[in-house]
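Okay, structure first, notes after.
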Amino acid sequence: MNKGYFITFEGADGCGKTTQLELLKNYLVNEGFEVVVTREPGAKGLGEKFREILLNYDGVVSDRCESFLFLADRAQNIDTIVKPAVSEGKIVLCDRHIDSSTAYQGYGRGLDIQQIKNLNLLATGGMLPDLTIVFDIDIETSMQRVGKNKDRMENSGNEFFNRVRNGYLELAKQEPDRIKVVDSTASIDDIHNKVKNIVLALLN
Ligand code: TYD
């Protein structure tokens, strides 16, 4: 059986990646591919508990504690959902993954970037996405889309989100083969077409 593919969707809050993931999933299913969708934080099962703490806990959460909770959620997602599906030849689409930790906890919160990258590899058992699409958006548009009801992470402020955005762009420069950047201010259809082309280039 062919090996499957692991594709991750990344970007600042409100960048529209979840809409694009859904559109890509529908397209791939129509083309006859077997597709599994998952997300971080909050993959089906235990991940939902991690998500509840990470987004809604209203007491103090230290930056390092936050990092380890995201990493624990990631390990569970990889071991119970991503790896089994990829080894069965399926295409796994994951809403956020390792680059979220590097962008948010590393560039955003200011933890050591190389340490976060090493911890990511520990969490995934060395597995890396075959392809990562970063949906790039300016902070004003992203915060407008998020609106007034912000969760714990979304309340981190504009400077934080500027660091996150620039962090993603820096990561894409460091790993141009894996990470592709898409301008997320274009129309939903235009972005979908770009995403499709990037993914088809991988599958073919
Ligand atoms: P979510 O509601 O899934 O946001 P979005 O729809 O924008 O993906 O919330 C996930 C939040 O957690 C988001 O603010 C990014 C943050 N996050 C990290 O800070 N580090 C991580 O490793 C991951 C996976 C997410």
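The values are calculated or read from the model by the stated rules, or taken from the named source; none is laboratory data. Since this is a predicted model, take the numbers as computed values, not measurements. Here Cβ is always computed from backbone atoms with ideal geometry, including for glycine, and neighbour counts include all displayed protein chains. Just so you know, the surface numbers come from the protein's heavy atoms only, side chains and all, with ligands and any DNA or RNA stripped out. Shrake-Rupley method; radii C 1.70, N 1.55, O 1.52, S 1.80 Å.
For segment 145-163 versus segment 21-68, the inter-centroid distance based on Cα atoms is 18 Å. For D58, the accessible surface of its heavy atoms amounts to roughly 140 Å² (probe 1.4 Å, protein chains only, rounded to the nearest 10). Of L200, L121, the order by accessible heavy-atom surface (1.4 Å probe, DNA, RNA and ligands excluded), from most exposed downward, is L121, L200. Working note: 222 nm ellipticity from helices only, DSSP H runs with n ≥ 4, each -39,500 (n - 2.57), summed and divided by the residues of the chain, gives -15000 deg cm²/dmol to the nearest 500. Among the protein heavy atoms, those of R39 account for about 90 Å² of accessible surface (1.4 Å probe, every chain in place). Of all lysines in the structure, the ones whose alpha carbon falls short of 19 Å from that of K90, not counting any fewer than 8 places away in one chain, are K3, K25, K44, K196. Mean separation of Cα pairs under 8 Å and 6 or more residues apart, divided by the residue count, gives the chain a relative contact order of 32 percent.
Accessible surface ranking for F9, F33, 1.4 angstrom probe, highest first: F33, F9.
Extension gain for the segment D63 to D112, taken as residue separation times 0.36 nm less the Cα-Cα distance, is 16.5 nm to one decimal.
Using a simple spin-label model with pseudo-atoms 7 Å out from Cα toward Cβ, I188 and K49 lie 3.6 nm apart.
Accessible surface for Y168 stands near 10 Å², nearest 10, in the context of the full protein assembly shown (1.4 Å probe). To the nearest µm²/s, what D does Stokes-Einstein give for segment 5-203 at 4 °C and 1.567 mPa s, using the Kirkwood radius over alpha carbon pairs as Rh? Reported coefficient: 76 µm²/s.
Residue order by solvent-accessible surface for T141, T8, T19 is T19, T141, T8, largest first, with ligands and nucleic acids left out and a 1.4 Å probe. Shown is the FRET efficiency for N204 and M127, computed with R0 = 22 Å from the Cβ-Cβ distance and rounded to the nearest 0.05: 0.45.
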